[in-house]
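The values are calculated or read from the model by the stated rules, or taken from the named source; none is laboratory data. This is a predicted model, so every value here is computed, not measured. Reconstructed Cβ throughout: ideal geometry from the backbone, glycine too, with neighbour counts over all protein chains shown.
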């Protein structure tokens with residue numbers, strides 16, 4: 001499946017003499033695999049212009065020489081650029097498509113980029129800068145959530161970051177610049193497209209457009225086998241808080257919690273760097289862990305065919321009431337992983353269970369209605385939220401009291417079970433989409449014991465909201481259980497809170513809300529929760 005060998009151009013590295021190959025006559029630069037010299041083509045010779053830093057080994061499943069196909073065209077991975085920003089690192093893999101003698105690229109080869117995006121991938125192509133694009137200085141003033149018209153199309157600004165090129169590898173379309181920071185802006189739209197402004201070249205603004213892809217769609221061959229599923233040998237590190245051994249198990253992990261002291265450790269800058277960490281001190285430290293144990297695997301159909309999903313991370317979140325007299329609502333999110341499909345979230349709120357996946361595009365919003373892929377969603381909640389407790393591993397850099405502005409939407413009509421959520425931080429907007437999920441399906445998928453399954457049952461619809469598929473006897477019994485539970489949570493005497501603790505666990509937000517009401521003498525409500533999973537993984541650039 002590789003690019004045809006007759007197009008290969010070979011020369012000796014002028015620094016160490018090692019052979020350097022170019023798969024395309026259009027490629028202008030390469031990095032020597034032996035001495036890391038950055039080389040540019042000068043006629044039939046190579047000229048050394050600098051040296052690339054050593055790559056941070058992030059255990060990506062991709063590697064040079066891997067191949068795949070897209071829409072009938074074969075491609076080969078020939079180069080890599082590794083970038084860093086405040087939230088961690090990301091890779092952009094240079095791929096060459098074999099378009100044939102009549103193709104659109106020089107010599108029948110077309111250059112593209114396979115880039116990481118919130119635990120997934122985007123395939124993008126360089127394009128001429130549109131005439132209606134802002135100039136390079138103007139992109140520094142763009143803000144997440146802003147609406148733009150570029151190339152005659154409407155776009156939402158998804159992120160604005162200051163980045164730097166850390167290292168380069170293999171064959172590249174232009175010489176890499178390994179000095180200084182620059183601005184990268186990601187745009188997304190309702191068609192599922194991604195566009196990027198890249199100001200790495202001070203002489204001109206770079207523009208590319210693409211779409212989300214899954215590795216399974218690309219029929220990849222030559223990937224690193226099993227590293228995303230197995231223990232990453234040699235990647236262990238000591239917890240900077242207590243010295244306990246930390247061993248990341250996922251290639252994309254940027255943060256993880258210590259199983260001994262519960263500290264959250266940031267490894268986004270590489271394990272050789274000084275590790276930042278913070279201690280957690282809240283409800284989770286005192287009680288049982290997640291109701292679905294970390295590392296457990298369950299088979300679920302999350303928008304496609306049933307697949308095995310492994311629980312790799314867990315976080316508790318709450319809203320931040322505008323009025324001090326209002327109750328705080330809590331919910332729980334399980335980060336689950338499948339090697340081919342990437343990441344998704346199982347969301348457990350007091351209104352029930354749902355699943356969501358981060359979107360590559362951006363739904364079109366008009367007033368209180370958001371449209372995405374032919375479905376209309378109506379806004380239900382808008383609130384500020386923060387993270388209160390985490391366990392496990394995460395593909396973004398977890399920070400203390402992470403805060404976001406959240407807007408939750410519900411599907412309308414026949415699509416009432418669908419969910420949509422928008423989360424905004426200072427520099428990024430992330431959309432997630434999914435639908436409701438019966439608690440029984442979660443319990444069955446992960447093989448939970450009957451005693452543990454009862455604690456998951458929070459997804460009972462209001463009985464008057466349409467016809468129920470249950471028999472009247474079961475519905476009545478279920479209604480009685482709900483009433484009793486509501487009474488327990490509203491009165492919360494000593495014995496009542498003990499009952500809640502035994503049912504949900506001492507670490508649960510139900511128990512924390514009960515004890516808080518008991519201490520204040522109030523009753524109040526046990527409130528809703530988020531539809532969307534937190535996804536602060538940064539843009540693909």
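Of all residues in segment 178-193, exactly one satisfies the criterion of being at positive phi and touching a residue at least 24 places away in the same chain (Cβ under 8 Å), namely 192. Comparison of 392, 426 shows that the only residue that is at positive phi and either in the same structural domain as residue 246 (by TED's automatic domain parsing) or surrounded by fewer than 21 Cβ atoms within 10 Å (Cβ to Cβ) (or both) is 392. Can you say whether residue 215 is modelled with pLDDT under 75 and crowded, with 19+ Cβ neighbours inside 10 Å, as far as the supplied structure shows? No, not satisfied.
Listed here are the strands (runs of 3 or more DSSP E) enclosed by segment 302-376 that have at least 2 residues being touching a helix residue (DSSP H, G or I) at 6+ places or on another chain (Cβ under 8 Å): 307-319, 330-338, 342-349, 352-358. Of all the listed residues (68, 84), the sole one being modelled with pLDDT under 90 and in the same structural domain as residue 181 (by TED's automatic domain parsing) is 84.
Yes/no matrix, rows are residues, columns are (1) outside any loop (DSSP other than H, G, I, E, B); (2) at pLDDT 85 or above; (3) surrounded by 13 or more Cβ atoms within 10 Å (Cβ to Cβ):
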position	(1), (2), (3)
186	yes, yes, yes
226	no, no, no
234	no, no, no
252	no, no, yes
262	no, no, yes
265	yes, yes, yes
269	no, no, yes
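Filtering segment 388-400 to residues that are assigned to a strand (DSSP E or B) and within 22 Å of residue 85 (Cα to Cα) leaves 393, 394.
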